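Visitor: Before I ask anything, let me first share the structure, which is written out below as structure tokens.
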Amino acid sequence: MMGDFDLRFKAPLVTTHPVDLRFNSGDDVAPENKVVLTAAIDAPTLTAVVYKVVNVAMAASIEAPTMNSQVSFNNAVYRGPVGKAVSAWTKSQNLNIQSTDKSEKPKNVKRHIESYVSNAMSKLRTVDILIFNARTKKSDRSISWQATKSVGTGSSSAYASLAKSNRYRALVWDQAVRVNKISASLHVDLLQLPSVKNLTNWYRAIAKQRTSVDPFSIAQIRQSQRMIQWDQGKKPNYGRYVRPVDPTLPDGYKPPLGNAVALLFKEAATTDTNVLFGIRQTAPAKVVIPSKRTYIVINNVELRRVDGNHLLPDVSLTMNIDMDSWTWAFSASMPASALSLVEPDALGDPVVLEARINGQSYLLLAEGISRDRTFGNSSITVSGRGQSAMLADPYSPILSFRNSEERTAQQLMQDVLQTNGVTLGWSIDWRIDDWLVPAGAWSHQGSYMAACTAIAAAAGAFIQPDPVGKTLRVRKRVPVKPWELSGATPDIELPLAAVVKESVNWIQLPSYNSIHISGSSIGGVNGHVRRAGSAGDMEAPMIVDALITSEIAVRQRGIAELANTGPSAIYSLAFPVFPEVGIIDPGTIIRYVDTHNLTGIVSGVSIAAQGSTVRQTIELQTYG
């Protein structure tokens, strides 16, 4: 092995071929003993001079190149389509057209022209008018004043005689001879013949086959995806948004020492202790109907006779109920062949029918029947009410009710639904606050249902029947104070996309904010109900009821009366019978998600089923 030695590079890089190798051990060594090795490895270039070469091995290693780059993006720069603007006025191109001077001397051409003023001679009853359109033949030029040719016969002038030849001329002015006493109008509309081309100094340009670009035009939508800095705003989804940390800051935001943050309020301080940060979030509904582009609901409607389970054919069914109605009302149309299935029995009792709408059943009484017959068609219409009608006229007798001992309001209603201590088979679903009624404080005369509705109305409630079972639900007319509906938890959230039809009826009632409620019998109490936060200066008419025997009854009745005051709106919303909610009952709180959220209470509902189409329409009452 040879010892370590230094390589001295002297000669420049040689790029031509062949290359002379020069070997030398020093500057004074002969050139033939000196070799210059040159290696070009992209960059850099390596040149070596080796002396006394016996075995020379060279290796060069270069590290992998690295690249440092920096990219800057500005999303505020407009990168949309760019077009070249074209001026609205452009210089028109010269067209090769022939312009005729109005004062040009006419040339003699072979054509037939009638003189404007000439001594015309009768020729086969030819009438020459004073001013007429000259008919040009085989000519592309015409002037305003032109000499005429003779019409195949001799024409004489007042001052000269024209030689007979194929071309005769007449003076411009001459006295015309009337022929057959036919006068011509001095002014006649010129008839433009297809063979005449009238060229003037100004003429409408002829459109060429070229593309015209206007400064302003309707933009064409191109298939391109672009992101812009500003976009259409929309309501954010429910949840929490965490602001990302600014990458330019090393550790993000650091609060002051002790987490002391100064609050800057937009409005001046008030006496109200409520502090609201941001926008109040509404409470989520118990059942939410999602907003979709398309809703698919499979409907199934059946009407059967319960006795014998007979299916009625080709039925069109309508049903409805509201807070003032303690039972369902219905009407059904069907072929007349089903008459025997809906007729009353031998005792005159109505037939019990079961209506099933998308799996939800209702028991109904067929109380009325009518028939409609036309040529080749006969149908019947059956109408009636729900089975709770058995507690009212004409099925219930007129009775007298009173409490001989102290009872609660709920117990009073249960006593009504009994005869000599024996229950009628009906139960009570009490959903309002109960109160105590002293002995002898209440008495009523009427049917079973009339007595039940009187007890419920004393506390501002209404009766709602169970669709199938023999149960009467006692519910509040206003489950939530109307002025607190915006913060209440709704039972159902209904989006605008699910509504097929909407109509609104605005109502303006007196803006009462207080009312006096008083009892009228033994143990009766007097109370004054005032809307919270109001002065109570607008007082509604006083309410007097024998069952107002407790503060609980006063408060519930007062809230119900004050709810029906001031401005309100009733939304009529038609939509399918969704499986999530079924048929909606009155008293349900619904949030209607429109351009702005509306929360109201359902006061009534109706069902229309025909064929495979089923629609339910609710009356949603909103306040304020």
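The values are calculated or read from the model by the stated rules, or taken from the named source; none is laboratory data. Worth saying up front: this structure is predicted, and the values here are computed from it rather than measured. Neighbour counts run over all protein chains shown; Cβ positions are idealised from the backbone, glycine included.
Visitor: Only residues that are under 14 Å from residue 331 (Cβ atoms), under 40 Å from the mean Cα position of the chain (by Cα) and of a type outside the set (Ser, Thr, Tyr): list them for segment 358-381, please.
Guide: Matches in segment 358-381: 364 only.
Visitor: While we're looking at this one, here's another question. Taking only segment 358-373 into account, find how many residues are closer than 23 Å to residue 392 by Cα and surrounded by 16 or more Cβ atoms within 10 Å (Cβ to Cβ).
Guide: Selection size over segment 358-373: 7.
Visitor: Give the number of residues within segment 301-334 that are within 41 Å of the chain's Cα centre (by Cα) and in a strand (DSSP E or B).
Guide: Looking only at segment 301-334, we keep the residues that are within 41 Å of the chain's Cα centre (by Cα), and these are 301-304, 312-334.
From the residues that got through so far, the ones that are in a strand (DSSP E or B) too are 301-304, 316-322, 329-334.
The number of residues fulfilling the criteria is 17.
Visitor: While we're here: Right, residue 463: farther than 20 Å from residue 387 by Cα and aliphatic (A, V, I, L, M) or not?
Guide: Spelling it out, it is not the case that residue 463 is farther than 20 Å from residue 387 by Cα and aliphatic (A, V, I, L, M).
Visitor: What single numbered condition from (1) more than 15 Å from residue 367 (Cβ to Cβ); (2) of a type in the set (Gly, Ala, Ser); (3) surrounded by fewer than 17 Cβ atoms within 10 Å (Cβ to Cβ) fails to hold for residue 348?
Guide: Exception for residue 348: condition (1).
Visitor: So how many residues does segment 478-498 have that are more than 19 Å from residue 532 (Cβ to Cβ) and either free of Cβ contacts under 8 Å to residues at least 12 places away in the same chain or not hydroxyl-bearing (Ser, Thr, Tyr) (or both)?
Guide: Quick first cut of segment 478-498, residues more than 19 Å from residue 532 (Cβ to Cβ) only: 489-498.
After this cut, where a residue has to be either free of Cβ contacts under 8 Å to residues at least 12 places away in the same chain or not hydroxyl-bearing (Ser, Thr, Tyr) (or both) as well, the list is 490-498.
Residues meeting the conditions: 9.
Visitor: Another one. Checking the condition surrounded by 14 or more Cβ atoms within 10 Å (Cβ to Cβ), among the hydrophobic types (A, V, I, L, M, F, W, C) and in a strand (DSSP E or B), which residue from 552, 559, 515 passes?
Guide: On the way: 552 fails: in a strand (DSSP E or B); 559 fails: in a strand (DSSP E or B).
The conditions single out 515.
Visitor: Filter segment 537-566 for residues that are of a type in the set (Val, Ile, Thr) and touching a Lys or Arg at 6+ places or on another chain (Cβ under 8 Å); which is nearest to residue 512 (Cα to Cα)?
Guide: Start the filter on segment 537-566 by keeping residues that are of a type in the set (Val, Ile, Thr), which leaves 543-544, 548-549, 552, 554, 559, 565.
Cutting the leftovers down to touching a Lys or Arg at 6+ places or on another chain (Cβ under 8 Å) gives us 543, 548, 559.
Numbers: 543: 14, 548: 21, 559: 11 Å.
So, considering only residues that are of a type in the set (Val, Ile, Thr) and touching a Lys or Arg at 6+ places or on another chain (Cβ under 8 Å), the one nearest to residue 512 (Cα to Cα) is 559.
Visitor: I'd like to verify a number: residues in segment 566-591 that are of a type in the set (A, V, I, L, M, F, W, C) and closer than 29 Å to residue 540 by Cα, how many?
Guide: 4
Visitor: Among the residues of segment 547-599, which ones are under 16 Å from residue 285 (Cα atoms), under 18 Å from the mean Cα position of the chain (by Cα) and among the hydroxyl-bearing types (Ser, Thr, Tyr)?
Guide: 592
Visitor: Next question, about the same structure. Can you tell me which residue within segment 597-619, out of those that are among the aliphatic types (A, V, I, L, M) and farther than 15 Å from residue 582 by Cα, is surrounded by the most Cβ atoms within 10 Å (Cβ to Cβ)?
Guide: 601
Visitor: Follow-up. Return the pairs, sorted by first residue and then second, in which the second residue is acidic (Asp, Glu) and assigned to a strand (DSSP E or B), the first residue lies in segment 562-584 and is surrounded by 18 or more Cβ atoms within 10 Å (Cβ to Cβ), the beta carbons are less than 6 Å apart, and the residues are 6+ apart or on different chains.
Guide: If the second residue must be acidic (Asp, Glu) and assigned to a strand (DSSP E or B), the pairs left are 573/502.
Visitor: Exactly one of (1) surrounded by 12 or more Cβ atoms within 10 Å (Cβ to Cβ); (2) in a loop (DSSP other than H, G, I, E, B) is unmet by residue 354. Its number?
Guide: (2)
Visitor: Okay, moving on. Going through segment 443-496 one residue at a time, which ones are part of a loop (DSSP other than H, G, I, E, B), assigned by TED's automatic domain parsing to the domain that holds residue 554 and crowded, with 20+ Cβ neighbours inside 10 Å?
Guide: If the condition is that a residue be part of a loop (DSSP other than H, G, I, E, B), assigned by TED's automatic domain parsing to the domain that holds residue 554 and crowded, with 20+ Cβ neighbours inside 10 Å, then 490 is the only one that fits.
Visitor: Which condition from (1) in contact (Cβ under 8 Å) with a residue 60 or more places away in the chain; (2) of a type outside the set (D, E, K, R); (3) closer than 30 Å to residue 564 by Cα is the one that residue 362 breaks?
Guide: Here residue 362 meets the rest and fails (3).
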